[in-house]
Amino acid sequence: MIGVVVVGVGIAGSVRIRDLLKPLPSSPSENLKLVGFVSRRDLGEYNGVKQIPLEEALKSTDVDAAFICTDNQNHEESIRRFLEAGKHVLVEYPMALSAQAAHELWQLAEQKGKVLHVEHIELLTEEYRALKKEVNGKTLEEGVLHFTGGPLDKQRSGFTAFSGIARATWLVDLFGELTVTSATQEENPGENYSKLTAHFVTANNKPVTWIEERDPGMKREKKVNFKFTNGVLDSLPPAGRGAVGPFMQDQNLFAQKLLGQVPKEELAAEKKRILQCIDLAEKIKQYCKL
């Protein structure tokens, strides 16, 4: 059994604890054993799981891996400490709030011979699978992805291109390598409004735009307008409910990596995509500071 500790008991951490306690039968997750959780709050226990101090989790020989579910601003330090302690790490996206830190953490994981798994549940949803099926085989001419939602605490979540990196991940996974050509950030702090607009080109020099717009009154929603040589996709395809939730799918993938069941080619492709998206976020941030 692989001993796991969950660090942070917010929404994501609570889901992680739930899925670790009730793994999918006959799945790789059955090899994971929840040892305890770490929280800055004094909870004592949660769903029957005991709270343990951070230092104990770092030193314990019963803990082989950590699930990092803290605020974005704390991801980098948490990953670094657990890797340096010889633990495998699963972390919610974004893995760090700078490209330099992300590359350094990946190098550290490889030096330590440990798995660093960056969760990207946005690629595991039925919504995204339906979209990718619709896009596959089509030749893009121009694309726009527009996300709306409520405001975030930037101090905790980081710059918009990092906190919203799930949308960049969609675009890279759908259309391949992207290059940032320009980006702007509009803000009205008094009304808690912000709008990021990032422009890319694909390897075939086709324009792609990502808009991340947040306002207290905005509904959480994704809108697409993809123009192909053979037509236009101007709404997300209908999608059903999956038999297995995205967090459980992600947990199974992490367990497979720990068990050595994921081909090296897949691991390399995943690493390339994750670091490319982090690099894009960094470039967007630089443009917005001009």
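Key figures
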| read-out | value |
| --- | --- |
| Within the accessible area of the chain (1.4 Å probe), percent carbon and sulfur | 47 |
| Relative contact order of segment 169-211, defined on C-alpha pairs under 8 angstrom at six or more residues apart (%) | 34 |
| Residues of the chain: accessible area per residue with a 1.4 Å probe, Å² | 49 |
| For the chain: Kirkwood Rh in Å [reciprocal of mean 1/r, alpha carbons] | 20.0 |
| Proximal charge balance of Glu127 [Cβ under 14 Å; K/R count +1, D/E count -1] | +3 |
| Interchain or long-range residues, amide H under 5 Å from Ile2's placed H | Leu32, Lys33 |
| Cut-off 15 Å between beta-carbons: net charge of the residues surrounding Phe162, Lys and Arg +1, Asp and Glu -1 | -2 |
| Calculated [θ] (222 nm, deg cm²/dmol) that DSSP helices of n ≥ 4 give over the chain, each run adding -39,500 (n - 2.57) | -11500 deg cm²/dmol |
| Relative contact order (%) - criterion: Cα under 8 Å, at least six apart; region: segment 59-208 | 19 |
| Relative pair counts by distance (%), Cα atoms of segment 168-290, 10 Å bins | 10, 30, 34, 23, 3, 0 |
| Three semi-axes of the equivalent ellipsoid, segment 4-56, Cα gyration tensor, whole Å, largest first | 20, 11, 9 |
| Residue list for segment 260-282, given a label point 7 angstrom along the Cα-to-Cβ vector of Leu24 and an amide N cut-off under 19 Å | 260-263, 266-267 |
| Extension gain (nm, one decimal) between Lys132 and Asn31, 0.36 nm per residue minus Cα-Cα | 33.3 nm |
| Relative contact order (percent, whole number), segment 8-71, Cα cutoff 8 Å, 6+ residue spacing | 39 |
| Where Rh is the Kirkwood radius over Cα pairs, Rg/Rh for segment 10-153 | 1.02 |
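The values are calculated or read from the model by the stated rules, or taken from the named source; none is laboratory data. All figures in this text were calculated on a predicted structure; none of them were measured in a lab. In this analysis, Cβ positions are derived from the backbone assuming ideal geometry, glycine residues included, and neighbour counts consider all displayed protein chains. Ligands, DNA and RNA are stripped out before the accessible areas are found, and what is left, the full protein with its side chains, is counted by its heavy atoms. Shrake-Rupley method; radii C 1.70, N 1.55, O 1.52, S 1.80 Å.
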